[in-house]
Amino acid sequence: MQLSTYQYSSAVGWNVPLNAELDSENTLLIIFGAADLEPLKAGLDDLRGVFRCALWIGCSTAGEIYGSTLNDNTLTVAVVRFSKTTARLAAYQNTHAASSFQAGASLANQLAAPDLKAVFVISDGLSVNGSELVKGLSSRLPKGVIVTGGLAGDGSRFQQTWVMVDKIAQSDYITAVGLYGEYLGVSHGSQGGWDVLGPKREVTRAQGNVLFTLDGQPALELYKKYLGERAAGLPATGLLFPLAIRNELEEDGLTVRTILAVNEEDQSITFAGDIPQGGVVQLMRANFDRLIDGAADAAKSISLSDFVEGSLLTVAISCVGRRLVLSQRVEEEIEAVLESLPHANRLIGYYSYGELSPLASGRCDLHNQTMTLTSFWEK
Amino acid sequence: MHRLLSRQLRKLGLDAEHAPDATSWSKLLPIIEQTYLDADLERYTLERSLAISSEEMQALYQRQKSSYEARLHTLFATIQDPIWLKDPEGIYLACNPMFARLFGVGEADIIGKSDYDFFDESIADDFHAKDLQVIEAQKSCIDEEWVTFADDGHRALLETVQTPMWDETGKLIGVLGIARDITERKQHEQQLDHIAHHDALTSLPNRVLLADRLHQAMTQAQRRGQRLAVAYLDLDGFKNINDSHGHDVGDQLLMIVGQRMKQALREGDTLARIGGDEFVAVLQDLTDIESSVPMLNRLLAAASQPIEVSNLVLQVSASLGITFYPQSVEMDADQLLRQADQAMYQAKLAGKNRYHLFDIQQDSNIRGHHESIGTIRRGLSGREFVLYYQPKVNMRTGAVIGAEALIRWQHPENGLLPSGEFLSVIEDHPLAVEIGEWVIDTALTQMSLWHQAGWEIPVSVNVGALQLQDARFVTNLRDMFVAHPNVKPSLLEIEVQETSALEDITRVSQVMAACREIGVSFALDDFGTGYSSLTYLKRLPVSRLKIDQSFVRNMLDDPDDLAILEGVLALATAFNRDVIAEGVETVESGVMLLQLGCDYAQGYVIARPMPSHEMIAWAASWHPDVAWADNPPVSPDNRPILFAEVEHRAWVAAIAAFLEGGREIPPPLDPHQCRFGLWLDSDGIAHHKTQPAFQAIITLHHQVHTLSKQLLALHAQGKNAEALMQLDELHKLRDALLAQLKLLLDEV
């Protein structure tokens, strides 16, 4: 496997020259970029010119990670030329969150093959119910296939995201790349690091990923009460208090849900995944050190026991909520990840509206507010 | 340096060692300001969220606490069990309304007070002591007590659980009490217990309780050195009542009989119903075996009293088997019951409506003989059994009228054994049937041989109940006659013991009728000893009665036996049956029998049982005793003379017995007071005073009495030996008197 990572900004251009030798039909190009691509158009054209044969996958972000740095308004690119592994792309146009399950099932069907080893999913960040997407994927994929990925971001604006389909950035799409063959090494880690806050609350009314009331009180009212003057920053400031949902299996712990949108009319809050009516939830709050420790733990939980030498790519997908909380200190979590990985590792990634990763039981789920890492290498 | 500050410097290309230039400084300041703003915002958010969540938690706690307290209060107030809490000094800290009812006051009137405010000092002391005991024990204590509720006066059995209570620091709060009304539960338990241990119909103890009581009684008897009796009781005739009047009537009868028998017992005794019409009584505290007799008689009487059920007057009786405890060997309750059951069976065999004591000696003999069933079987196959024949004669004519075949065992080690030594062992064993068949077959073979020798004699064989009721009896008998064609069936007589268990009299009667069709006749053996003699006589087609030897043997000395004998003879005449007396051992007995009109006899005075080969010669040479000649039957009018004779013998025998120490008081010495004297003064003088012998008799009677007085005087003077020496003189006077009596009879 050959690997190069690149960063492009309108001010600087490419940080290193693009290496055309990496282009092939067995090359995967992963690109994360600003939601507004207009200032970056030239860079994008460069890529289209050099990596014509490669399979492109990528999305807009709430911040691009390149090495130990977090940047905005850039393109961050990793080009991987596999030697013994094959890759295949799939895409599904998903204009409504309600069809997210079919989208997942369709993608799985498109990619299914006996030697399918891993699926890396990149989805539109707003027009999707991540929980249903994951359920759709899980319903068709064999148990051993590792599914990771993330939802696209749009800064802290929550207005429009894009996904790379046919080398063009488009909204309302869900894409996935399937990686095949026994020589592919893949491992993942995902951690939050949030603390629960206040009493447990019962979800008294919810529909899909829209929450109306907790303990009979409008959910939005509760959030506003907690946020105080920061309520003006909703929905972004809602990320300060994600919701913890207790999972059925105790070993799966808590699943964290983050806010995507609020609706003043019906006092509802839309989350990135389902909020089960009747379930027990609890507000969460950030603690800088624990978030950073969580990121380090995610890196440490990646199993690299059969990685010996050569190229190693780790894709970090961290939640926009973490960035909002950590603010200027956000790069500390990226540093913490890097410190826990081998020197050979190359890290790219982005801040997202949702992360996909297996739970401890192996069941894939949508996460929020986590640092989710996926490492690829060839044996 | 703070990690963030060093990164902020680094991003601007600055370091800690060098001051920034103006441009960099203007870039750095907003960044640092932002850091402070961030921190402020963060602190604001954190403080606010913590304050709000703390409020929420407090509200939640209050809600839950008041809801918990409300629930607890409701529970406390509505629970139907009295609950209270006292401090270690006995002061009530709390109680619920149900507890207040116990005291007949409100809850508020109790709290702050102690038991000393409500009860006598001694009772309150008890309560307080109990509390201290619970505290001391450091664990729950359970009690049961009857209490009276002061509010409405009702009484209840309370199960009280008292538990010491500590607060979270381990300090003793006091004693928590919870009481539960278990009155109904106890009653149910008692009902269940009663059902489990009593017979549903009669409410008497059942087998389970009997076992329990019997064990207790046995332990107690051992401890106190007393005896107990186990009486196994089976009703006679109950099945008939059930069959003819239905189970309802039968059930009512059982209830009434059960109650009556229970009342016949003493307080401490147990009467249990252990099935159908079977009861068991355990009689305790007996000083000896005899002391049980009155109770056994009361039981029999209670069982046999007429009972009115549904306008019917019914009557049953009971057969009782008794055994006692302790015995010389170790006994358990089951063994006792088996013994009593076995004895009950004997009582049934002996004619019912009676009790039979279990014979421990006989039982152990039988046990000892148990393995000898095998020996008897080997004896049979080894041809060790033989038949002896005892002649039956007509004492008046001197004719030999037949012979009774009697089985003997020519035992290789023990010599010739009479039947009594082995037949009882196999009485209820199928081997009895085999041996019975051997007897008949052998007798027929012998008759066949005699026939060939030109001699014919009727032969009787004894057949037991088991054999007679065997389904193949008639067929087998018929087959045997086929095998012995020259033996006339009319020469065979079958003797059936009256005391045999002829349970199914209808069936026995049918068997007898079938045999009579072949030509075989029947005799009822041991007649007069059983309870059902009259029933048998009426129902069974027998042609001959054999008067039991016990009556014959005593008839000369015991006027009662003579009366029975006379009665049996009268019955035989009335029912048109032949009569033969067995056990005739003296010439005098023969004379008396002849005078009573009984000519046929069998007994040692005529001949002992003999081997078959001696029979012909004996028959040819036998002559009746000369004393038997010329003894015509005495007419009923003159029978009192015969009784007078026996009375006199009996009186003299009583004098002799007194002198010999066999009697504690002598018979009446006044010649007008003895029964012979009474006869002389009434019937005698009325019918015979003109006869010459009569005067002689009066004289002799006086002499007998005079001599007897002298002998008693000698006895009184301590000269008993002298008196005994003169007994011969007395007997001579007696015989002289009896000779005159004979003359008196001859003269009439």
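Values for this structure:
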read-out	value
Cross-link reach list, aspartates and glutamates versus A:K379, counting only Cα pairs under 16 Å and skipping chain neighbours closer than eight places	A:D115, A:E182, A:D306, A:E309
Lysine pair count for the range A:100-200 [Cα-Cα under 25 Å; pairs on different chains or 8 or more apart]	4
Förster-model FRET efficiency, 22 Å R0, B:A94 and B:K65, C-beta, rounded to 0.05	0.80
On Cα atoms only, tilt of B:183-197 relative to the major axis of chain B in degrees	30 degrees
Residue-averaged [θ]222 nm for chain B, counting only DSSP H segments that reach four residues, each worth -39500 (n - 2.57)	-16500 deg cm²/dmol
Alpha carbon convex hull of chain B, volume per residue in cubic angstrom	414 Å³
The range B:519-574 - Rg (one decimal) and Dmax (whole number), Cα, Å	11.6, 40
Hits among lysines - C-alpha to C-alpha of B:K86 under 17 Å, sequence gap 8 or more where chains match	B:K113, B:K130, B:K139, B:K171
Alpha-carbon centroid distance for the pair the range B:687-721 / the range B:293-314, whole angstrom	49 Å
For the range A:220-379: relative contact order, % (alpha-carbon pairs under 8 angstrom, 6 or more apart)	25 percent
Scattering profile of the range B:447-579 at q = 0.10, 0.21, 0.22 Å⁻¹ [log10 I(q)/I(0), Debye over alpha-carbon scatterers]	-0.36, -1.21, -1.28
Test item: A:192-199 mean partner chain Cβ contacts at 10 Å	3
Two-site label geometry, B:E747 and B:Y44: point separation in nm, points 7 Å out along Cα→Cβ	16.3 nm
Within the protein assembly as shown: Cβ-based charge dipole about Cα centre, in debye rounded to nearest 20 (Lys, Arg +1; Asp, Glu -1)	2540 debye
Exposure proxy ranking, count of Cβ atoms within 10 Å, fewest first, for B:H194, B:H128	B:H194, B:H128
Distance from the range B:67-94 to the range B:1-50 (C-alpha centre basis), Å	63 Å
Debye log10 I(q)/I(0) for the range B:238-350, one point scatterer per Cα, at q = 0.16, 0.24 Å⁻¹	-0.78, -1.50
Tilt relative to chain A, helix A:41-50 - C-alpha long axis, 0 to 90 degrees, to 10	40 degrees
Candidate aspartates and glutamates - alpha carbon under 12 Å from A:K300, same-chain residues fewer than 8 apart omitted	A:E339
Compactness index (Cα Rg / 2.2 N^0.38 Å), the range A:152-234	1.65
MRE, 222 nm, helices only [DSSP H, n ≥ 4, -39500 (n - 2.57), over chain A, to nearest 500]	-5500 deg cm²/dmol
Where trypsin sites (Lys or Arg not before Pro) fall in DSSP loop in the range B:5-77, at most 11 other Cβ within 10 Å	none
Overall Cα dimensions of the range A:1-115, principal axis frame, Å, largest first	42, 35, 27
Percent of alpha-carbon pairs separated by more than 14 Å within the range A:217-272	54 percent
Inverse of mean 1/r across different Cα pairs in the range B:428-469, Kirkwood, Å	11.2 Å
Volume of the Cα convex hull of the range A:79-204, divided per residue and given in Å³	161 Å³
Label point distance in nm, B:A563-B:N240, each placed 7 Å from Cα along Cα→Cβ	2.7 nm
Whole-angstrom gap from the range A:182-253 to the range A:1-65, using each part's C-alpha centre	34 Å
B:A716-B:H623 FRET efficiency (beta carbon distance; Förster radius 45 Å; 0.05 resolution)	0.40
Debye log10 I(q)/I(0) for chain A, one point scatterer per Cα, at q = 0.07, 0.08, 0.12 Å⁻¹	-0.27, -0.36, -0.83
Across B:K348/B:K538; B:K488/B:K546; B:K352/B:K546; B:K546/B:K732; B:K392/B:K742, pairs whose alpha-carbon gap is larger than 24 Å	B:K546/B:K732; B:K392/B:K742
Principal-axis tilt of helix B:559-575 within chain B, Cα atoms, nearest 10 degrees	80 degrees
Radius ratio Rg over Rh of the protein assembly as shown, counting only Cα atoms, Kirkwood formula for Rh	1.41
Computed magnitude of the charge dipole of the range A:264-324 (debye, nearest 20; Cβ of K, R +1, Cβ of D, E -1)	240 debye
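Values quoted throughout were computed directly from the atomic coordinates according to the rules given, and no laboratory measurement underlies them. Since the structure is predicted, the reported quantities are computational estimates derived from the model, not experimental observations. Cβ: placed from backbone, ideal geometry, glycine included. Neighbour counts: every protein chain shown.
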